[in-house]
Amino acid sequence: MTMRFSSLFGRWPAALPALLCGLLAVSLPSSALADAIAEAQRLIKQGQWSPALERVDAHIRSAPRDAQGLFLKGLILSELGRPAEAIAVYTRLVEEHPELPEPYNNLAVLYAQQKQFEKARALLDMAIRTHPGFPTAHENLADVYLKLASQSYEKALRLNPGSKQAKARLATISNVLAVSAGADGKPVSAVRSGGDGAALAVADSARPVAANAMPAVAGEASGKALPVAVAPSDETGVREALQAWATAWSQKDSKAYFELYAADFRRPGGMSRKAWEAERMQRLARPGKETIEVDDIRVSFAEGRAIARFRQDYRSVSVKSSVVKTFIFVKSGDRWLIQEERSG
């Protein structure tokens, strides 16, 4: 089984240019600290792991709570084959920055490599709850469930060696895991954008996506959506709904915020609407001013839905980030409501 780090782990030369172009840095107290991170990235690109670690450590001494510095340190320690130290760094990150999904994901990968699959599962659940549109965590969670299922069928066969059903299902899972591992058996690079207010890197060396590519829109569980005639006012309505979403979040107006989501909003992990709203309420209730702006909005229509791709700029007292997102809207009466959220 090969799980994916939210990092440049495994294929640095191919992925690093995307990291350097797409890096979303946390606001730093001085340009000198930013320069230290830039120097560490340069050394990483050259494969100079130990000098890069020295630069990152120097940065962390000056800014001990900086998420970007800690995240890079975890990546470097993983590449240097020091998993126990990487685990300690990521554990610190999830404690100090629980809003970021990448540390949960990378910590889960390290635990899975040690065959601690239940720990990995719990951490991936947290990554997805923190940022529902985080595809790497969803893929890793699927692999963890496959491995847990494989272990259960192996145990069943030890207890009942003659079970044809257990043998067949174990063989199927083994084939899936073999395909998942890939031809070289190495982890696939995948740095993904952070959750709301996150400040980590964005890249995908395994499956590059064109900047203007629009995601396919899946049919609803109940069947294919009915066609909807698109009027010029529809694009305006989608844009206004997106701006209203950003305003409601910035103003911490939970009533207006939740009213912008469709009744069939696709919640992560099959979470109930009540549980999802409770989790979002915790985010909206965080102390301190938060400003969310949406820009570079591009709207298209397919199968009765609107696809809005945009850049989300987030600012708080301690964090500044910019991520690309895609929202799927459905029309309800004369309103466009959010049915799905994606990153990228």
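The values are calculated or read from the model by the stated rules, or taken from the named source; none is laboratory data. In this text the structure is predicted, and so the values were computed from the model without any measurement. Because the Cβ atoms are built from the backbone with ideal geometry, glycine has one as well, and the counts that use them run over all protein chains shown. These accessible areas exclude ligands, DNA and RNA; they are computed on the full protein's heavy atoms, side chains included. Shrake-Rupley method; radii C 1.70, N 1.55, O 1.52, S 1.80 Å.
Being closer than 24 Å to Ala122 by Cα and free of Cβ contacts under 8 Å to residues at least 40 places away in the same chain is the requirement here; does Lys274 meet it? Against the criterion (closer than 24 Å to Ala122 by Cα and free of Cβ contacts under 8 Å to residues at least 40 places away in the same chain), Lys274 qualifies. Pairs are defined by a Cβ separation below 6 Å, a sequence spacing of at least 6 or placement on different chains, a first member in region 244-264 that is without any contact (Cβ under 8 Å) to a residue 24 or more places away in the chain and of a type outside the set (Phe, Trp, Tyr), and a second member that is surrounded by 15 or more Cβ atoms within 10 Å (Cβ to Cβ) and assigned to a helix (DSSP H, G or I); the pairs so defined are Ala248/Tyr257; Ala256/Ala248. Look at (1) in a helix (DSSP H, G or I); (2) modelled with pLDDT under 90; (3) out of contact with any Phe, Trp or Tyr (no Cβ under 9 Å at 6 or more places or on another chain); (4) farther than 20 Å from Thr136 by Cα and you find that Pro17 fails only one, number (4). When Phe327 is tested against (1) open to solvent by less than 10 Å² (accessible area, probe 1.4 Å); (2) within 19 Å of the chain's Cα centre (by Cα); (3) farther than 17 Å from Glu259 by Cβ, exactly one condition is not met: (3). Within region 272-283, the set of residues being open to solvent by 10 Å² or more (accessible area, probe 1.4 Å) and under 21 Å from Lys325 (Cα atoms) comprises Glu277, Glu279, Met281, Arg283.
Tell me, yes or no, whether region 239-249 has at least one residue that is open to solvent by 60 Å² or more (accessible area, probe 1.4 Å) and closer than 18 Å to Pro98 by Cβ. No, region 239-249 has no match at all.
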